[in-house]
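The values are calculated or read from the model by the stated rules, or taken from the named source; none is laboratory data. Predicted model, so just to flag it, every value in this text is computed and none were measured. Here the Cβ is made from the backbone with ideal geometry for all residues, glycine too, and neighbour counts use every protein chain on show.
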Amino acid sequence: MLKLKNVSFGYNDKPVLKKINLNIAVGDHVSLIGESGCGKSTLLQLIYGLHHTDGFVSWNGIELGGPNHNLVPGEDFIKYLAQDFDLMPPLTVSENVGKHLSNAYPRKKKKRIMELLEVVEMTELADAKAGDLSGGQQQRVALARALANTPELLLLDEPFSHIDHFRKNNLRRKLFAYLKENKITCIIATHDSTDALSFADKTIVLKNGKIYANDAPQEIYNNPPNKYIASLFGDINEVMLKSITPNETSLKMILLYPHEIRLDKNSGIKVVVLASYFKGSNFLIKASLKNKIIYFENSKALMIGESVFITVDKNLIKSRTRN
Ligand SMILES: Nc1ncnc2c1ncn2[C@@H]1O[C@H](COP(=O)(O)OP(=O)(O)OP(=O)(O)O)[C@@H](O)[C@H]1O
């Protein structure tokens with residue numbers, strides 16, 4: 001288990017992480033999300049051992065000392081993949097991936113390199129020079145290199161940021177399946193809601209250097225405790241309950257994702273269309289609800305200025321307004 005107790009850290013007295021307490025079970029995949037600058041990268045770096053803290057960090061009972069205790073930061077059983085890939089440009093893809101692998105058994109080493117290149121779909125470029133690769137290809141090589149010695153704990157900082165959508169989806173499925181098979185615990189700092197929701201056992205939300213939420217992704221997405229958290233997953237509406245519920249008088253606010261609002265000509269809740277944005281599978285409609293902007297999804301574009309009626313499922317309203 002990864003344990004953090006009272007972990008605080010700041011750059012030049014500017015506090016970034018504030019009394020973080022955290023347990024992560026072996027084999028779990030955790031997505032770390034939060035607005036830019038909230039401390040995600042700093043937290044990964046601190047776990048890896050690049051920053052000193054007066055708090056306590058341990059992995060499976062072994063205390064991780066940090067730079068005041070280790071001359072060379074990091075432990076063999078942890079790998080940290082930073083946002084810059086740190087490859088050796090004159091070396092080939094294979095040489096980069098195998099850089100930290102033992103040379104004692106060359107055939108075994110070659111087999112391992114090819115296995116890793118298969119995971120990141122880079123087999124065809126095994127002999128290309130790293131310096132000649134695109135950003136996305138370099139990122140995939142760096143991922144393979146991070147996996148080479150089968151770390152127990154893998155810390156990934158925005159690992160797919162340079163990779164195109166088509167490849168990213170395939171790569172994510174392959175990578176996270178590989179990590180599960182090999183019981184590799186993984187923390188991934190990300191801005192991508194697919195990483196945060198689809199491939200994580202737990203999602204941790206950071207805000208101003210503190211843990212703001214820590215739960216199963218479905219729980220956090222379906223019952224977002226506040227607008228900050230909900231907005232990390234995409235567009236979100238915060239509307240007054242009475243403005244979307246007939247006969248309701250409460251001034252309570254409710255958070256609604258655009259796909260949770262639909263047209264219903266009998267609802268009595270009128271909105272005026274301001275814009276329609278094509279999103280591929282449907283349209284995002286921007287509309288005015290009692291002079292407040294509201295976003296909802298619809299299968300077709302709607303005309304600007306058109307009046308339409310919207311509704312929200314009663315059970316959803318009940319569950320969102322439980323507290
Ligand atoms: N080396 C540094 N020296 C001084 N301040 C730093 C340093 N690195 C980061 N910071 C500051 O610490 C805060 C947290 O930065 P960090 O990179 O951890 O955030 P983040 O959540 O990973 O951001 P992003 O999502 O943009 O990558 C920011 O205010 C940043 O400006």
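Summary of values
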read-out: Checking residue 9 against (1) in contact with a helix residue (DSSP H, G or I) (Cβ under 8 Å, 6 or more places away or on another chain); (2) under 27 Å from residue 197 (Cα atoms); (3) within 12 Å of the ligand (Cβ to nearest atom); (4) assigned to a strand (DSSP E or B), the condition it does not meet; value: (2)
read-out: Output for segment 186-204, where each listed residue is under 9 Å from the mean Cα position of the chain (by Cα), of a type in the set (Gly, Ala, Ser) and surrounded by fewer than 17 Cβ atoms within 10 Å (Cβ to Cβ); value: 193
read-out: Residue 97, sole failed condition from (1) touching an Asp or Glu at 6+ places or on another chain (Cβ under 7 Å); (2) surrounded by 20 or more Cβ atoms within 10 Å (Cβ to Cβ); (3) not charged (D, E, K, R); value: (1)
read-out: Qualifying residue in segment 68-75 (condition: away from the ligand (no atom under 12 Å from the Cβ) and either in contact (Cβ under 8 Å) with a residue 60 or more places away in the chain or not assigned by TED's automatic domain parsing to the domain that holds residue 194 (or both)); value: no
read-out: Test: residue in segment 232-252 that is of a type outside the set (Asp, Glu) and within 16 Å of the ligand (Cβ to nearest atom); value: yes
read-out: Filter pass, residue 193 being touching a Lys or Arg at 6+ places or on another chain (Cβ under 9 Å), assigned by TED's automatic domain parsing to the domain that holds residue 34 and not charged (D, E, K, R); value: no
read-out: Condition check for residue 252: in contact with a helix residue (DSSP H, G or I) (Cβ under 8 Å, 6 or more places away or on another chain) and on the phi > 0 side of the Ramachandran plot; value: no
read-out: Helices (runs of 4 or more DSSP H) (entirely within segment 130-209) containing at least 1 residues that are at pLDDT 95 or above; value: 135-147, 165-181
read-out: Test: residue 39 is more than 23 Å from residue 191 (Cβ to Cβ) and either outside the structural domain of residue 158 (by TED's automatic domain parsing) or within 16 Å of the ligand (Cβ to nearest atom) (or both); value: no
read-out: The one condition in (1) in contact (Cβ under 8 Å) with a residue 12 or more places away in the chain; (2) more than 14 Å from the chain's Cα centre (by Cα) that residue 10 fails to fulfil; value: (1)
read-out: Scan of segment 49-83 for residues that are of a type in the set (Asp, Glu) and under 23 Å from residue 148 (Cα atoms), ordered by number; value: 75, 76
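One line per residue, one yes/no per condition, for (1) surrounded by 15 or more Cβ atoms within 10 Å (Cβ to Cβ); (2) touching an Asp or Glu at 6+ places or on another chain (Cβ under 9 Å):
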position: 206; (1), (2): yes, yes
position: 214; (1), (2): yes, no
position: 229; (1), (2): yes, no
position: 239; (1), (2): yes, no
position: 251; (1), (2): no, no
position: 263; (1), (2): yes, no
position: 280; (1), (2): no, no
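Residues are listed down the side, and each one gets a yes or a no for (1) aromatic (Phe, Trp, Tyr); (2) buried (at least 18 other Cβ atoms within 10 Å of the Cβ); (3) within 28 Å of residue 43 (Cβ to Cβ):
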position: 64; (1), (2), (3): no, yes, yes
position: 69; (1), (2), (3): no, no, yes
position: 76; (1), (2), (3): no, no, yes
position: 79; (1), (2), (3): no, yes, yes
position: 83; (1), (2), (3): no, no, yes
position: 102; (1), (2), (3): no, no, no
position: 105; (1), (2), (3): yes, no, no
position: 109; (1), (2), (3): no, no, no
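Yes or no, residue by residue, for (1) within 16 Å of the ligand (Cβ to nearest atom); (2) aliphatic (A, V, I, L, M); (3) not in a strand (DSSP E or B):
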| position | (1), (2), (3) |
| --- | --- |
| 35 | yes, no, yes |
| 47 | yes, yes, yes |
| 54 | no, no, yes |
| 84 | yes, no, yes |
